[in-house]
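Right, one structure below, let's go through it.
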Amino acid sequence: MFSLIPVLALLVPVLAQTGSTGSASAVDIEGLQANFEQAQLVPQLLATFDPTATLTVTFGTDTISTGQNLTAAEVASYPNVSVTPSSNTTFEDGTLYTILMVDANPVGTDEATTEQTRHWLVNSVSIATASAAPYAVNYTGSTAITDYAGPGPFAGTGSHRYVIALYEQPSTFTAPANLSTAGTPLGTIFLSSYVSESGLGDLISANYFQVENGVATFTPAATTAVDSTTLAGFASTTASSSATGSASASGSGSASASRSTAGSATSSAAPASSSSSTSAAGKQGVAWGVVVGGMGVVGAVIGAGLGM
């Protein structure tokens with residue numbers, strides 16, 4: 001029987017956070033990478049994942065945590081999406097991007113032989129950089145190939161992972177003939193093939209959530225938890241914090257350490273159109289919650305699984 005951990009997931013903010021400088025920290029980026037690897041999205045779905053920003057996904061007024069378990073009703077309408085670049089990343093005016101969402105199938109699925117359900121595909125979006133980060137994804141002038149279609153997994157098939165990804169779209173991008181017209185209904189694709197054949201550029205960032213219908217009829221296998229203390233960014237942040245505390249102690253006679261919790265980024269932009277539909281893939285499950293602490297330190301606790 002598959003037991004989720006929705007309370008844990010809801011207790012904590014999303015990984016896509018910003019520091020006081022309006023940029024994603026090294027821990028934010030490393031934590032995002034680690035979570036995708038432990039959820040077996042890398043390299044199974046994404047051969048490599050080297051994000052240069054964090055992606056914030058908000059449904060209504062609720063910003064999701066990476067890997068959060070949600071109901072189909074909570075994600076029935078399109079999300080607002082925004083990006084927060086790392087300190088050494090700049091979004092250039094005039095650059096176009098493609099945003100999409102696919103059902104990545106359950107943990108253990110052979111992504112190379114099993115197509116992913118395409119729930120959302122919009123070409124030629126831009127990043128609204130007129131104000132400070134986080135930057136909203138702007139849909140003005142974009143082409144909604146597939147309007148957003150909310151998840152609808154079959155009952156008893158476990159937890160489905162839905163990945164939202166933002167790719168750079170170079171001038172050489174050419175949409176495949178079957179995915180070049182606005183209003184193309186929900187269907188299936190091999191994400192890796194679409195990216196390579198269309199000529200999409202770098203994967204800027206991604207995020208994901210999970211939806212399950214009923215209770216899984218199998219016994220899931222466990223995945224490994226992300227230990228934030230093993231992240232390189234955590235070590236450097238801890239060292240910096242210790243140095244700050246020591247300096248404070250020598251100057252005032254008492255040691256002190258300052259910690260701030262990063263605010264969650266949100267987006268106010270909306271895509272051209274949206275719709276609600278159901279997924280047609282039979283799947284299994286994985287579930288986890290993400291715990292984010294002071295100074296953006298990420299501790300991810302994954303309780304998950306899969307069984308055929």
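Taken together, the values in this text are just the output of simple stated rules run on the coordinates, not laboratory data. Nothing here was measured: the structure is a model prediction, and the numbers come from that model. As a convention, Cβ positions derive from the backbone with ideal geometry for all residues, glycine included, and neighbour counts pool all protein chains shown.
Annotations for the structure displayed:
- Prolate is the label for segment 147-193, because the ratio a/c of its alpha-carbon gyration tensor axes (a ≥ b ≥ c) is 1.5 or higher and a/b is greater than b/c.
- The slack between Ser131 and Asp202, meaning 0.36 nm per residue of separation minus the straight C-alpha distance, is 23.2 nm.
- Distance between the pseudo-spin-label points of Ala73 and Ser171 (7 Å out from Cα toward the beta carbon): 5.0 nm.
- Rounded, prolate or oblate (a/c below 1.5 giving rounded, otherwise prolate when a/b exceeds b/c) for segment 11-136 by Cα gyration tensor: rounded
- In this structure, Glu115 and Thr229 have a Cβ-Cβ separation that, at R0 = 25 Å, corresponds to a calculated FRET efficiency of about 0.05.
- Protection proxy ranking for 176-189, 121-134, using the average of other Cβ atoms within 10 Å per residue and placing the highest first: 121-134, 176-189.
- Net charge of the neighbourhood of Leu231, taken over other residues with C-beta under 11 Å away and scored Lys/Arg +1, Asp/Glu -1, is -3.
- Cβ crowding within 10 Å averaged over residues, with 83-95, 144-156 ranked highest first: 144-156, 83-95
- Straightening the chain between Ala47 and Asp93 buys 13.7 nm, computed as 0.36 nm per residue apart minus the Cα-Cα spacing.
- For segment 55-122: rounded, prolate or oblate by the Cα gyration tensor [a/c cutoff 1.5]: oblate
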